[in-house]
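The values are calculated or read from the model by the stated rules, or taken from the named source; none is laboratory data. This is a predicted model, so every value here is computed, not measured. Counting neighbours? That spans all protein chains shown, and the Cβs are built from the backbone with ideal geometry, glycine included. For the accessible areas, the whole protein counts, side chains as well, though only heavy atoms, and no ligand, DNA or RNA atoms are used. Shrake-Rupley method; radii C 1.70, N 1.55, O 1.52, S 1.80 Å.
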Amino acid sequence: MQENTSFSKKVKAELEKRDFTVYEKKLNMDDSEPERKARSLIRRRFLEAGSITDPNKDYHLEFIARDEEEAMEICEALGRFSLDPKETVRMGHLIVYLKDASQISDVLNMMGAVDALMTFENVRILKEVSEKVNRRVNCETANLQRTVSAGIRQAEDISLIRDTIGFDALDPGLREIAELRLEQPNASLQELADALSEPIGKSGVNHRMRKLTKIASDIRERYGENTR
């Protein structure tokens, strides 16, 4: 649990100096007696044998239970607030833990660790934004790679057509898109569509490209390895 120490100590230091009774009355006046007892148990057990990982590293909050009965009490206390703790055994100790970020936030809030909650949520927001940006960049990169790869394959097919049967063998629509693809091997289908003398939709360009691919495939079958 060494990696948990720093952030856990900050949380526990905050809990020890904060008047939990005042905090509880301020925020939870409508709580029933069982809920108040559950909050108190969660806070007490965290101070006695709980830890929380630095959110920059991982989302993990845990309680070490002395026995099965105590593990059940902790689980029931957390469950009273619609949390879903898990149990495991580590080095002979019963561990009740949470790994869901939103549920860990709920525990920090119910214990009264307001400063720790703010720190946790700030890190969580930054990580979520970063993950979204990374996913978007990865998606756009993958799309660009697919576009470039498709453009290269199409340019190869069109070059084969030009060097064998020639563009004169193509109808005007196919010839125009073939010449455009050779001029703009990295352009997207939409960019090619917009560049045509009589613009058509992206699906129309795709249809013409399929025809060119079929023509190139027929040429390869007809002339064999000499066309590769």
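Within the range 63-120, take every residue that is polar (S, T, N, Q) and in a helix (DSSP H, G or I) and give me the one that is farthest from the chain's Cα centre (by Cα).
Within the range 63-120, the subset polar (S, T, N, Q) is 82, 88, 102-103, 105, 109, 119.
This time we only want the ones that are in a helix (DSSP H, G or I), so: 102-103, 105, 109, 119.
Values: SER102: 15, GLN103: 18, SER105: 19, ASN109: 25, THR119: 21 Å.
Filtering first and then ranking leaves ASN109.
Looking across the range 160-176, the residues that are touching a helix residue (DSSP H, G or I) at 6+ places or on another chain (Cβ under 8 Å), in a helix (DSSP H, G or I) and farther than 22 Å from SER197 by Cβ come down to LEU160, THR164.
One residue is enough: does the range 129-139 have a residue meeting the conditions modelled with pLDDT of 90 or more, surrounded by 10 or more Cβ atoms within 10 Å (Cβ to Cβ) and among the acidic types (Asp, Glu)? Checked against the condition, which is being modelled with pLDDT of 90 or more, surrounded by 10 or more Cβ atoms within 10 Å (Cβ to Cβ) and among the acidic types (Asp, Glu), the range 129-139 yields no hits at all.
I'm trying to understand the selection: among the residues of the range 88-109, which are open to solvent by 30 Å² or more (accessible area, probe 1.4 Å) and not hydroxyl-bearing (Ser, Thr, Tyr)?
VAL89, ARG90, MET91, GLY92, HIS93, LEU94, LYS99, ASP100, GLN103, ASP106, ASN109, listed by residue number.
Report yes if GLU176 is acidic (Asp, Glu), in contact with a Leu (Cβ under 9 Å, 6 or more places away or on another chain), without any contact (Cβ under 8 Å) to a residue 40 or more places away in the chain and open to solvent by 20 Å² or more (accessible area, probe 1.4 Å), otherwise no. Can you show your working first?
Values: acidic (Asp, Glu): yes; in contact with a Leu (Cβ under 9 Å, 6 or more places away or on another chain): yes; without any contact (Cβ under 8 Å) to a residue 40 or more places away in the chain: yes; open to solvent by 20 Å² or more (accessible area, probe 1.4 Å): yes.
Yes, satisfied.
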